[in-house]
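Accompanying notes for the structure given below.
The values are calculated or read from the model by the stated rules, or taken from the named source; none is laboratory data. Just so it is clear, the structure is predicted and the values come from calculations on it, not from any experiment. Positions of Cβ are generated from backbone atoms using ideal geometry, with glycine treated the same way; all protein chains shown enter the neighbour counts.
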Amino acid sequence: MSTAFYSFTAEDIKGQEISMEAFKGKTVLVVNTASKCGFTNQFEGLEALYEKYRDKGLVVLGFPCNQFANQEPGDEQSIQKGCVLDYGITFPMFQKVEVNGDNAHPLYKYLKSELTGLFGGKVKWNFTKFLIDGNGQPVKRFSPYYKPENIEQYIKNLIN
């Protein structure tokens, strides 16, 4: 059982430090988000997955990121307002982070090293998704083009 995932912390959208250990035993989908991206409509699919499976142990964690074409320019307050008002997001959202480069959040450095993807350990764009099983083991990475509803089959396998 890998416990590395649980050693990370991140500040939620309101500035409170959250340990990934809070999600121990849950299937976790980590997503870098942006409110002004062509993939922003994926918020709806992510929320639908969360609503459908949260009682069975799924949690979606959203990490706003402004590294791709300045598509998340707002501050945390405007991000939170947009997520709730425009998309009805109820899953946990975190402070804006970098996912690539020297200043990448440690959680993203870890996830990219575990699941390198097609771009040699880089996140290509907004709405890249990482699926972590209930033991904290990263198991699958999905490109931005991979719609949330297509991830459902993988989630079902992990929560059952």
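What the table below lists for this structure:
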| read-out | value |
| --- | --- |
| Restricting segment 21-55 to residues that are outside any strand (DSSP E or B), aliphatic (A, V, I, L, M) and in contact with a strand residue (DSSP E or B) (Cβ under 7 Å, 6 or more places away or on another chain), the residue that is surrounded by the fewest Cβ atoms within 10 Å (Cβ to Cβ) | Leu49 |
| From Phe8, Phe23, Phe68, Phe43, residue being at pLDDT below 95 and within 15 Å of the chain's Cα centre (by Cα) | Phe43 |
| Tally, over segment 122-155, of residues that are free of Cβ contacts under 8 Å to residues at least 60 places away in the same chain and part of a helix (DSSP H, G or I) | 3 |
| The lone exception for Leu58 - which of (1) modelled with pLDDT under 95; (2) surrounded by 14 or more Cβ atoms within 10 Å (Cβ to Cβ) it fails | (1) |
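Yes/no matrix, rows are residues, columns are (1) touching a Leu at 6+ places or on another chain (Cβ under 9 Å); (2) under 21 Å from Thr27 (Cβ atoms); (3) hydrophobic (A, V, I, L, M, F, W, C):
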site: Asp102; (1), (2), (3): no, no, no
site: His105; (1), (2), (3): no, yes, no
site: Leu111; (1), (2), (3): no, yes, yes
site: Trp125; (1), (2), (3): no, no, yes
site: Leu131; (1), (2), (3): yes, yes, yes
site: Gln137; (1), (2), (3): no, yes, no
site: Pro144; (1), (2), (3): no, yes, no
site: Ile151; (1), (2), (3): yes, yes, yes
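Residues checked against (1) among the acidic types (Asp, Glu); (2) modelled with pLDDT of 95 or more; (3) surrounded by fewer than 18 Cβ atoms within 10 Å (Cβ to Cβ):
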residue: Phe91; (1), (2), (3): no, no, no
residue: Phe94; (1), (2), (3): no, no, no
residue: Val97; (1), (2), (3): no, no, no
residue: Asp102; (1), (2), (3): yes, no, yes
residue: Leu115; (1), (2), (3): no, no, yes
residue: Phe119; (1), (2), (3): no, no, yes
residue: Tyr146; (1), (2), (3): no, no, yes
